[in-house]
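Asker: Please read through the structure below; I'll follow up with questions.
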Amino acid sequence: MKNRLLTPALLLAGLAISAILPATGLVNDYLQFVLVSLAINAILCVSLNLVNGWMGEFSVGHAGFMALGAYASALLTVRLFPGAPPWLIFPLAIVTGGSVAGLAGLPVGFLSFKTRGDYLAIITLAFLMIVKSGLENIPFTGGPRGLLGIPHFTNLPWAYFCCVVAFWGVRNLVYSKFGRGISAIREDEVAAESMGVDTRSAKLAAFVTSAFFAGVAGALFAHQLQFINPSSFDILKSTEMLVMVYLGGVASLGGSLLGAGVVTVLTQILQPLGTWRMVVLPLMLVLLMLFRPSGIMGYSDWSWLKPRSERNPKPKPEPKR
Amino acid sequence: MTPLLEIRNLTREFGGLRAIADLGMMVHDSDLMGIIGPNGAGKTTFFNLLSGIYRPSSGEILFRGNRIDRLRPSEIARLGIARTFQNIRLFRELSVLENVRIAYDSHLKYSPMAALFHSTRLRQAEQGSTRAAQELLDLFELGSLAHERAGDLPYGSQRRLEIARALALRPSLLLLDEPAAGMNPFEAMKLLDFLRWVQKKFSLTIIIIEHHMQLVMGLCTRIEVLDFGVRIAGGSPTEIQNNPRVIEAYLGAEGEIP
């Protein structure tokens, strides 16, 4: 029973530390920026991993969901309720951002009933282009110039909190009958259906949850940078997420954390290289595909990230029939 | 008494090809029915129609008196028709235990909300199904392999696991598509005993597609013969063995063979 409370206690301690740390002066603004980016990237990575890792589809449209979350939340704080107290409006903005993105996940989910693999990837690409062009052409969202003057609400505690919720949510989904259904679709969709898996609901659940958390990440992103425009959410943004997923490991919570960590840190370290840094990451990806195609932690996880009942199971000795 | 399964005028066309033509059939509780026929006779198509993977072009399939020919495969599976595949279709990257748990999951009733919060009720339900899955694996002598990758199992164990997974649906009707494929005669005879035991233990009705004649003749109480999508004969194993049309379908007409 004592162990049962250990993880929540540690997570709470983490939240306290994330709140106190900036006040101590131990971390400067730059480091805080990096840590917040890490949290946002981790949320993006785990959300994309649900579709690309656990379900085994290939979505390249995740920047679109992120954009919807970013714009929906920013419109709320900039246009609709400017000057509202952050403790009230920011949680609302995050949930709105997530929900709008989640809702947009529905049509993509419906389309995934009939299409798979490459074809579905093209649909997600089309979705991204629709979102981006849409945002560019609607004056209310600032057109191609984007939205300016977004309040700086995203701080370390908020980013940390959202990141924990995203991982907790995805973990609970993945280690439930719905999550097992999603993995079964990846392995063999026909067999999954024949074994009673309602593949349609499972696909919808995967796309909506995934889009929701991408939207949450978008809301955090908008209120971190204080400025968003449609070209922040182009195919390159999606590519960055793909790199994180396939680097860290498909269908893995720990891999999502690891992938986001490596990419965030490398992006900062390689800053002096300028545009050449866009060569290093893809090169890593090539090496990874050659030697470890499912990523560093593909299909496996650290046991502390799993629910208690799923940890270190000991096989029973085989009885005689 | 309503038969367990009734098939009326079942037809399935692929373009101009009639893979199943005007098929009628009755299957009663506890039957052990064999389906034989040359390659391309429409046997697997028939199973795909029964399990909902294909929709019939015309005709009806009734399970316990209710039409099932418009249902999705997952709905049919939940009603109690489970199947295995000719070319084993396990969830290869998942563990042996997870393979069986996925089939048990259809009996777990909890909402997505409960899943999101991992409620106590959910945890108990999951523990129950894990235990049931483990017990089923023990029965199939796969218990000690529960945490192995399903794709890593030897061929024979994969075949057994596929049957175990199908039984986790707690079906009343089990469809086996060439379970003895790739087995030598000795292994096939072991499979025969095993299937008899399974049928009694789980009080099942079984329909089996098989080319291994010794197995079919030894196991089945009734045999139906298909050729080019048409039922050409049906009856007890002895009747089938002596039926001239069956011999013709398999060996060609008399006088053709030198």
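Values quoted throughout were computed directly from the atomic coordinates according to the rules given, and no laboratory measurement underlies them. Just so we're clear, the structure is a prediction, and the values are computed from it rather than from any experiment. Methodologically, a virtual Cβ is constructed for each residue, glycine included, from the backbone with ideal geometry; neighbour enumeration extends over all protein chains shown.
Asker: Along the charge dipole of chain A, pointing to its positive end and built from +1/-1 on Cβ of Lys, Arg, Asp and Glu, which listed residue (A:Val27, A:Ala191, A:Ile94) has its Cα farthest out?
Answerer: About the Cα centre, the residue reaching furthest to the positive side is A:Ala191.
Asker: Compute the label zone of A:Val34 within the stretch A:241-255: residues whose backbone N is under 18 Å from the point 7 Å along Cα-to-Cβ.
Answerer: none
Asker: Further question on the same structure: Return the FRET efficiency for the residue pair A:Ile17, A:Ser303: r is the Cβ-Cβ distance, R0 is 30 Å, and the value is rounded to the nearest 0.05. Provide the component values of the computation, followed by the final result.
Answerer: Details: r = 23 Å, r/R0 = 0.78.
Here the calculated transfer efficiency is 0.80.
Asker: Taking chain A as the region of interest, what is the percent of Cα-Cα pairs per 10 angstrom bin, listed from the shortest bin to the one with the maximum distance?
Answerer: Spelled out bin by bin, chain A gives 6, 26, 34, 24, 8, 2, 1, 0 percent.
Asker: Right, here's the next one. Note down the nm distance, to one decimal, between modelled labels 7 Å out along Cα→Cβ at B:Asp193 and at B:Glu148.
Answerer: Here the answer is 2.1 nm between the modelled labels.
Asker: Would you calculate, for chain B, the mean residue ellipticity at 222 nm contributed by helices, counting each DSSP H stretch of 4 or more residues as -39,500 (n - 2.57) and dividing by all residues, to the nearest 500?
Answerer: Values: 10 runs with 100 residues, N = 258.
Rounded to the nearest 500, it is -11500 deg cm²/dmol.
Asker: Relative to the first principal axis of the alpha-carbon coordinates of chain A, what is the inclination of helix A:6-24, with its axis defined by its Cα atoms, in degrees from 0 to 90 and to the nearest 10?
Answerer: 20
Asker: What average number of partner chain Cβ atoms lie no more than 10 Å from the Cβ of the residues making up B:89-97? Could the numbers behind the result be given before it?
Answerer: On the way: counts 8, 3, 10, 2, 10, 7, 1, 1, 2.
Rounded to a whole number, the mean comes out at 5.
Asker: Measuring from label point to label point, each 7 Å out along Cα→Cβ, what is the A:Met278 to A:Phe113 span in nm?
Answerer: Between A:Met278 and A:Phe113, the label points sit 4.0 nm apart.
Asker: A further question follows. Take peptide B:103-110, look around each residue's Cβ out to 10 angstrom, count Cβ atoms belonging to other protein chains, and average those counts. Present the calculation step by step, with values, prior to reporting the outcome.
Answerer: Working: counts 8, 4, 11, 6, 2, 3, 1, 3.
Whole-number average of other-chain Cβ neighbours for B:103-110 is 5.
Asker: For the stretch B:1-133, what ratio Rg/Rh do Cα atoms give with a Kirkwood hydrodynamic radius? If you can, show how the numbers build up before the last one.
Answerer: On the way: Rg = 18.2 Å, Rh = 17.2 Å.
Reported Rg/Rh, Kirkwood definition of Rh: 1.06.
Asker: In addition: Which percent, to the nearest 5, of DSSP beta bridges fully inside the protein assembly as shown are antiparallel? Please report the intermediate quantities before stating the final value.
Answerer: On the way: 21 of 37 bridges.
In the protein assembly as shown, approximately 55 percent of DSSP beta bridges are antiparallel ones.
Asker: May I pose another question? Computed over the Cα atoms of chain B, what is the convex hull's projected area averaged over all directions, in nm²? Could the numbers behind the result be given before it?
Answerer: Details: hull surface 64.9 nm².
Its average projected convex-hull area is 16.2 nm².
Asker: Continuing with the same structure: Take a quick pass over chain A and tell me how many lysine pairs come in under 18 angstrom between Cα atoms, counting only ones 8 or more apart or on separate chains. Display every interim value, and only then the final one.
Answerer: On the way: A:Lys2/A:Lys306; A:Lys114/A:Lys203; A:Lys132/A:Lys237; A:Lys177/A:Lys203; A:Lys177/A:Lys306; A:Lys306/A:Lys314.
Lysine pairs, 8 or more places apart or on different chains, close enough: 6.
Asker: Per residue of B:123-134, what is the mean number of Cβ atoms on other protein chains within 10 angstrom of that residue's Cβ? Could the numbers behind the result be given before it?
Answerer: Numbers: counts 3, 1, 2, 7, 1, 0, 1, 3, 0, 0, 0, 3.
Counting Cβ atoms of other protein chains within 10 Å of each residue's Cβ and averaging gives 2.
Asker: Kirkwood Rh, the stretch A:1-149, all Cα pairs: how many Å?
Answerer: Values: mean 1/r = 0.0555 Å⁻¹.
Kirkwood radius, the stretch A:1-149: 18.0 Å.
Asker: So what J values fall out for the stretch B:35-51 if you push phi through Karplus, 6.51 cos²θ - 1.76 cosθ + 1.60 with θ = phi - 60°, rounded to Hz, Gly and Pro as x?
Answerer: Each residue's phi maps through the Karplus curve to give 10, 10, x, x, 4, x, 7, x, 5, 5, 4, 4, 5, 5, 6, 4, 8 Hz.
Asker: Under a Cβ-only charge scheme (Lys and Arg +1, Asp and Glu -1), can you give me the dipole magnitude of chain A about the Cα centre, in debye to the nearest 20?
Answerer: Details: 23 positive and 14 negative charges, 192 e Å.
Here chain A has a charge dipole of around 920 debye.
Asker: Hey, what does the equivalent ellipsoid look like for the stretch B:199-258, semi-axes from the Cα gyration tensor as sqrt of 5 times each eigenvalue, largest first, whole Å? Walk me through the intermediate numbers first.
Answerer: Numbers: eigenvalues 134, 27, 19 Å².
Taking √(5λ) for each Cα gyration eigenvalue gives 26, 12, 10 Å.
Asker: Using only Cα atoms and rounding to the nearest 10 degrees, what angle (0 to 90) does helix A:62-75 make with the longest principal axis of chain A?
Answerer: Approximately 40 degrees, to the nearest 10.
Asker: Here's a follow-up. Of the residues A:Ala16, A:Ala219, A:Ala202, which exhibits the maximal mean-square fluctuation in a Gaussian network model of chain A defined by a 10 Å Cα contact cut-off?
Answerer: Among A:Ala16, A:Ala219, A:Ala202, the largest mean-square fluctuation in the Gaussian network model of chain A belongs to A:Ala16.
Asker: Would you please classify the overall shape of the stretch A:8-95 from the alpha carbon gyration tensor, given that a ≥ b ≥ c denote the square roots of the eigenvalues, rounded means a/c under 1.5, and beyond that prolate means a/b larger than b/c while oblate covers the rest?
Answerer: Since a/c reaches 1.5 but b/c is at least a/b, the shape of the stretch A:8-95 is classed as oblate.
Asker: If the only charges are +1 at each Lys and Arg Cβ and -1 at each Asp and Glu Cβ, what is the size of the charge dipole of the stretch A:191-321 around the Cα centre, to the nearest 20 debye?
Answerer: Using Cβ point charges on Lys, Arg, Asp and Glu, the stretch A:191-321 gives about 600 debye.
Asker: Where does the charge balance sit around A:Thr267 when Lys and Arg score +1, Asp and Glu -1, over other residues with C-beta under 11 Å from its C-beta? Don't skip to the end; give the middle numbers.
Answerer: On the way: positive: A:Arg277; negative: A:Glu240.
My count for the surroundings of A:Thr267 gives 0.
Asker: Measure off 7 Å from each Cα along the Cα-to-Cβ vector at B:Glu239 and A:Leu6, then give the distance between these two points in nanometres to one decimal.
Answerer: 6.8
Asker: How much FRET efficiency would the formula 1/(1 + (r/R0)^6) give for B:Ser119 and B:Arg64, where r is the Cβ-Cβ distance and R0 is 35 Å, rounded to 0.05? Intermediate results must be reported in sequence, preceding the final value.
Answerer: Values: r = 34 Å, r/R0 = 0.97.
That pair, B:Ser119 with B:Arg64, gives E of 0.55.
Asker: Another question, then. Pick out, from A:Ala74, A:Val208, A:Tyr160, the residue whose Cα sits farthest towards the positive end of the charge dipole of the stretch A:29-234, with +1 on the Cβ of Lys and Arg and -1 on the Cβ of Asp and Glu.
Answerer: Ranked along the dipole, the leading option is A:Ala74.
Asker: Let me ask another. Among A:Ser73, A:Ser231, which comes first, second and so on when ranked by fewest other beta-carbon atoms within 10 Å? Working shown, then result.
Answerer: Numbers: A:Ser73 32, A:Ser231 13.
The order, fewest Cβ neighbours first, is A:Ser231, A:Ser73.
Asker: Compute the normalised compactness of the protein assembly as shown: alpha-carbon radius of gyration over 2.2 N^0.38 Å, N being the residue count. Spell out each step's value before the answer.
Answerer: Details: Rg = 28.1 Å, N = 579, 2.2 N^0.38 = 24.7 Å.
The value comes to 1.14.
Asker: Let me ask another. If you take every DSSP beta bridge whose two residues both sit in the stretch B:148-250, what share of them, in percent to the nearest 5, is antiparallel? Don't jump to the answer; show the numbers that get you there.
Answerer: Values: 5 of 10 bridges.
Of the beta bridges lying entirely in the stretch B:148-250, close to 50 percent run antiparallel.
Asker: Could I ask something else about it? As a test, work out the antiparallel percent of DSSP beta bridges whose residues both lie in chain B, rounded to the nearest 5. Walk me through the intermediate numbers first.
Answerer: Working: 20 of 36 bridges.
Percent antiparallel among DSSP bridges in chain B is about 55.
Asker: Compute, for the stretch B:38-184, the length of the dipole vector about the Cα centre, with Cβ point charges of +1 (Lys, Arg) and -1 (Asp, Glu) only. Units Debye, rounded to 20. Walk me through the numbers before you get to the answer.
Answerer: Details: 20 positive and 15 negative charges, 104 e Å.
That gives the stretch B:38-184 a dipole magnitude of about 500 debye.
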